[in-house]
Every structure is written in structure tokens, then in C-alpha cells.
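Undergrad: Structure provided below as C-alpha cells; questions to follow.
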Amino acid sequence: MIYFMLFLLITGGCIILALRKKRAFFLTIPFVSLFIYFIVQIAIVPVPFFETVKYIFSLK
């Protein structure tokens, strides 16, 4: 729940900054933070990294 609230704050802050500064760069920050979060969560799994990635993408 803490991570969800953190992502909401990051997204809200980036939207406000993008509107005030009129720069689209700030809209990429939430996507980058989610990508980093997913990489960290995959790295936490005790199985080797590439095996975990193969397993995730082989799910149907």
C-alpha cells in the first residue's frame, strides 16, 4: 500500500510539474519509476534473474 501511495504522489507531482513547466519530460518519470520497481521486484526473487524473466513472459 505504501508503494501504491508513493507512485500516486510521483505521478501527481509529475503531472503538476509538466503542466506548470510545460515540458513533457516530467511525464516519463512515472513510467521510469514503475519500470525500476518491477526490475527490483524481479531481482528479489531467489531464482536467477533471466530464468525469472523467461518464466514471466512464458505465462499465458
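Undergrad: Considering only DSSP states other than H, G, I, E and B, which trypsin sites (Lys or Arg not before Pro) in the stretch 1-38 qualify as loop sites with at most 12 other Cβ atoms within 10 Å?
TA: Those that pass, being in a loop and sparsely packed, are K22, R23.
Undergrad: So, in nm, how far is label T52 from label M5 when the simple model puts each one 7 Å beyond its Cα toward the Cβ?
TA: 2.6 nm
Undergrad: Using a 1.4 angstrom probe, figure out how much accessible area the chain has per residue, in square angstrom, rounded to the nearest whole.
TA: Averaged over the residues of the chain, the accessible area is 91 Å².
Undergrad: To the nearest 0.05, how large is the calculated FRET efficiency for A43 and I15 if R₀ is 30 Å and r is the Cβ-Cβ distance?
TA: It comes to 0.55.
Undergrad: Sequence gap at least 6, Cα distance under 8 Å: using those rules, report the relative contact order of the chain to the nearest whole percent.
TA: 23 percent
The values are calculated or read from the model by the stated rules, or taken from the named source; none is laboratory data. Remember, it's a predicted structure, so these values are computed and weren't measured experimentally. Note that each Cβ is placed from the backbone with ideal geometry, even for glycine, and that neighbours are counted across all protein chains shown. Only protein heavy atoms, including side chains, enter the accessible area calculation; ligands, DNA and RNA are left aside. Shrake-Rupley method; radii C 1.70, N 1.55, O 1.52, S 1.80 Å.
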